[in-house]
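Below is one structure, written out as structure tokens; comments come after it.
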Amino acid sequence: MNDLKLIETYKSFLQKYSPEQLSHIPEQGVWSIGQMYDHLIVVAHEYLDSVEACASAVGDNKQGKTEFGDYLFNIGGFPPIKITLPDELNTPPDNTKSKENLLLELDHLMKRMSELEVKAEGTNPNFKVEHGGFGWLNAQEWFALVGMHFRHHLRQKNELDQKLSLKTNIQANEG
């Protein structure tokens, strides 16, 4: 599935949530569905900013990826593990956005991706920008991270859906 089709799938999933489900935090330390969507959008734009930085870079950069960065790109995605960032990078995502707002933001992201895909492909692969965990990535790799990140969060989305389903079943039994 290409990355834009994957984001379309996320948009169709989003249609099914009520405002309460979207903002429901199932337990301390776990994001709501809305927070997960916000995180995906914010990080995707950060990755695309790096695509643009690579495209405007001057001069070759022979530095490579970290060991984890090599692993990530060799397997073509994030491993099936939960990744916890250091506290200073782990600010909880916004939990106040409406479904309509998130849909608009996803549309904007898809438009930006469409505009940058050709630019990423045409950028010298030796023009790189550093990622804090993966090392030095070129425009094509930064662009690929967007889809990899969306695919990685499908598991989290399924876990959150299960928690919402369980909550709905408990409420129905109590009623």
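The values are calculated or read from the model by the stated rules, or taken from the named source; none is laboratory data. This one's a predicted model, so the numbers in the text were calculated from it and none came from an experiment. Note that each Cβ is placed from the backbone with ideal geometry, even for glycine, and that neighbours are counted across all protein chains shown.
A few comments on the model shown:
- Any hit, region 61-75, residues being free of Cβ contacts under 8 Å to residues at least 60 places away in the same chain and either assigned to a loop (DSSP other than H, G, I, E, B) or touching a Lys or Arg at 6+ places or on another chain (Cβ under 6 Å) (or both): no
- Every pair of residues 6+ apart whose Cβ atoms lie under 7 Å, when the first sits in region 139-161 and is closer than 24 Å to Gly64 by Cβ while the second is of a type in the set (Val, Ile, Thr) and assigned to a helix (DSSP H, G or I): Ala139/Val51; Trp142/Val51; Phe143/Val51; His149/Val43
- Of residues in region 9-31 being aromatic (Phe, Trp, Tyr) and part of a helix (DSSP H, G or I), the one nearest to Ser165 (Cα to Cα): Phe13
- Against the criterion of being at pLDDT 95 or above, more than 30 Å from Tyr17 (Cβ to Cβ) and out of contact with any Pro (no Cβ under 7 Å at 6 or more places or on another chain), Leu106 does not qualify.
- In region 104-122, the residues that are more than 17 Å from Ser12 (Cβ to Cβ) reach residues that are part of a helix (DSSP H, G or I) with C-beta atoms within less than 6 angstrom, at least six apart or across chains, in these pairs: Arg112/Leu48; Leu116/Leu48; Leu116/Val51; Lys119/Ala55; Ala120/Val51; Ala120/Ala139; Ala120/Gln140; Ala120/Phe143.
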